[in-house]
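Below: the structure, in structure tokens.
The values are calculated or read from the model by the stated rules, or taken from the named source; none is laboratory data. Just so it is clear, the structure is predicted and the values come from calculations on it, not from any experiment. Here the Cβ positions follow ideal geometry from the backbone for every residue, glycine too, while neighbour counts run over all protein chains shown. Side chains are part of the model used for accessible areas, which takes the heavy atoms of the whole protein and leaves out ligands, DNA and RNA. Shrake-Rupley method; radii C 1.70, N 1.55, O 1.52, S 1.80 Å.
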Amino acid sequence: MPELPEVETIRGGLERGLRGARVTEVLIREPRLRRRVDQAALRSLVGRRIAAIERRAKYLLADVGDERVWLMHLGMSGRLLLLPRGAPVGEHEHVGKVLCYRDPRRFGWMRVAPRKELDEIAGLGPEPLDGALDGAALRARLGATRRDVKAALLDQRVIAGVGNIYANEILFRAGVRPTRRCHRLRPSEVEAIARAVRAVLAEAVRRRGTSFSDYFDSDGIPGTFQRVLAVFDRAGAACRRCATPIKRRAQGGRSSFYCPQCQR
């Protein structure tokens with residue numbers, strides 16, 4: 001699933017390509033996404049001008065005026081592609097003319113609604129790259145919870161936009177094992193995690209995200225952060241820092257990867 005760096009990369013491409021553009025036509029080939037597309041609401045975009053493309057956590061939000069927003073979530077395999085006008089629209093491209101939404105697995109969704117009615121973004125935690133998430137702020141959000149620290153990082157109410165790939169990388173960068181309990185973390189460790197959140201996500205955005213199979217940006221370009229992954233999906237490989245084999249364990253229904261030497 002695309003995480004903050006991937007969605008932010010797509011946002012930047014769409015902002016450059018669509019800001020100020022007016023929607024002239026909406027073509028819906030397949031409404032059966034994770035949430036069925038409200039076709040009338042989506043067609044109400046015709047005639048509206050896109051004032052800005054924003055991101056909140058893993059959501060894209062197109063401001064279409066009058067306090068209305070076109071919200072998009074890419075799910076597992078969704079892709080938003082900017083194509084030249086007149087380009088052929090493929091089998092799995094469900095919305096678009098110039099902007100096409102392609103989603104073979106159909107786990108994404110989109111809707112048009114007043115901004116104040118977007119329950120998807122209500123209650124989300126702070127954006128990790130806006131400068132407000134320091135050690136003190138993270139300590140306040142973790143509180144005295146007895147959850148493991150990786151589960152806390154994945155909780156969108158704690159930090160918005162972090163998923164499994166980057167939670168693993170953040171904890172390696174901070175030198176903290178994913179199974180550590182939040183209430184037992186030292187202040188210096190929480191500070192290290194906060195620094196790692198900012199550093200890892202900022203680097204991933206610079207590298208246009210992580211591409212394995214489905215993710216490409218709005219121009220069809222893959223990310224490159226997968227070339228520098230320290231632990232994620234590297235079980236058995238040598239740690240890039242100390243050469244100890246990376247370990248994998250199941251945790252909360254997902255895979256966690258860590259270096260038993262570098263992470264305590």
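Things to note:
- When every residue of the stretch 34-41 is checked against the conditions, none turns out to be modelled with pLDDT under 95, open to solvent by 40 Å² or more (accessible area, probe 1.4 Å) and within 18 Å of G220 (Cα to Cα).
- Screening A132, A52 for residues that are modelled with pLDDT of 95 or more and either open to solvent by 10 Å² or more (accessible area, probe 1.4 Å) or closer than 30 Å to R186 by Cβ (or both) leaves exactly one candidate, A52.
- Within the stretch 141-156, residues that are open to solvent by less than 40 Å² (accessible area, probe 1.4 Å) sit with their Cβ atoms under 6 Å from residues that are part of a loop (DSSP other than H, G, I, E, B), at 6+ positions apart or across chains, in these pairs: D148/T179; V149/R180; K150/P178; A151/G252; A152/V158; L153/V162.
- Any chance F212 is farther than 28 Å from R19 by Cβ, touching a residue at least 12 places away in the same chain (Cβ under 8 Å) and either surrounded by 13 or more Cβ atoms within 10 Å (Cβ to Cβ) or in contact with a helix residue (DSSP H, G or I) (Cβ under 7 Å, 6 or more places away or on another chain) (or both): yes
- Of all residues making up the stretch 108-123, the number that are open to solvent by 40 Å² or more (accessible area, probe 1.4 Å) and in a loop (DSSP other than H, G, I, E, B): 2
- Taken over the stretch 163-176, the criterion of being open to solvent by 10 Å² or more (accessible area, probe 1.4 Å) and among the small types (G, A, S) is satisfied by A174, G175.
- For the residues A160, A192, the requirement of being of a type in the set (A, V, I, L, M), out of contact with any Asp or Glu (no Cβ under 8 Å at 6 or more places or on another chain) and open to solvent by less than 30 Å² (accessible area, probe 1.4 Å) singles out A192.
- Meets criteria (touching a residue at least 60 places away in the same chain (Cβ under 8 Å), surrounded by 15 or more Cβ atoms within 10 Å (Cβ to Cβ) and among the small types (G, A, S)) for G223: yes
- Listing of strands (runs of 3 or more DSSP E) fully contained in the stretch 13-78 that carry 2 or more residues being charged (D, E, K, R): 52-56
- Among the residues listed as E30, E6, E54, the single one being of a type outside the set (A, V, I, L, M) and in contact with a Ser or Thr (Cβ under 8 Å, 6 or more places away or on another chain): E6
- Subset of the stretch 89-103 [in a loop (DSSP other than H, G, I, E, B) and at pLDDT 90 or above]: D103
- Residues of the stretch 171-216 that turn out to be within 15 Å of S255 (Cβ to Cβ) and among the hydrophobic types (A, V, I, L, M, F, W, C), as a count: 3
- The condition (being more than 23 Å from L4 (Cβ to Cβ), of a type outside the set (G, A, S) and either open to solvent by less than 40 Å² (accessible area, probe 1.4 Å) or in contact (Cβ under 8 Å) with a residue 40 or more places away in the chain (or both)) is satisfied by just one residue among C182, C239: C239.
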